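Laboratory data are not the source of any read-out in this text; all were calculated from the coordinates shown. Predicted model, so just to flag it, every value in this text is computed and none were measured. Positions of Cβ are backbone-derived with ideal geometry, glycine not excepted, and every protein chain shown enters the neighbour counts.
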Amino acid sequence: MSMLYYFFSNQEKENAYLFEGLNVSKHQHLILHQNQYPVIFLSLKDMNNDTFEDQIYKFSSLISKIIDKYENVLNSRSINARQKKILKKYQNLESNQNELKESLFNLSNIFYQHYHQKVIILIDEYDVPLQSAYQHDYYDEMVDFIRSVFSSALKTNDA
């Protein structure tokens, strides 16, 4: 997943050398996509907490770190004040559970508006929070939360 992130992300141009000499570098139609997209890379590997509340906080922290990588968007002229407020709320870990359910959807739409480019969303280790939830008896809550996050971001999202 990290290699996909480094290949596609417009935030990783300095790492383009990683692909020199690899098979992908021999195909010009593929190289045209290198470092051209905003990429949201979300690894859930550390979401192995004992309580649902701790899981929500950890997820909030992961979203905050994504915004830190794209902090230049906070000063964008392409997004409105409400969208900037949403980003700041995510960044400052002030979002409630319902707001976090829409976080990937909101981020991808805001990034699309700013960069005028479709967004790639990479999700790794999605099973870790579910396994932890099963082991600590909050599985139904976690499934509902993850389902809502992924559904809004991946099923009904033109960005």
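Computed quantities for the displayed model
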| item | result |
| --- | --- |
| Virtual spin-label span in nm between Glu71 and Asp140, 7 Å along Cα→Cβ | 4.3 nm |
| Dipole of the chain, positive end: most advanced residue of Leu42, Leu30, Asn98 [Cβ charges, Cα centre] | Leu30 |
| Calculated on alpha-carbon atoms, Rg and Dmax of the chain in Å | 16.7, 50 |
| Of the DSSP H helices in the chain, those whose Cα atoms cover at least 18 Å axially and whose Kyte score averages -1.0 or more | 52-69, 139-154 |
| Trypsin sites (Lys or Arg not before Pro) within region 76-159, DSSP loop, no more than 12 other Cβ atoms inside 10 Å | Arg77, Lys155 |
| Reciprocal mean inverse distance between Cα atoms of region 87-152 - Kirkwood radius, Å | 13.2 Å |
| Mean residue ellipticity (222 nm) of the chain, computed from DSSP H runs ≥ 4 via -39,500 (n - 2.57), nearest 500 | -15500 deg cm²/dmol |
| Cβ charges +1 (Lys, Arg) and -1 (Asp, Glu), total dipole of region 1-144, debye | 1020 debye |
| DSSP-assigned coil residues among chymotrypsin sites (Phe, Trp or Tyr not before Pro) in region 108-141, each with at most 16 further Cβ atoms within 10 Å | Tyr126 |
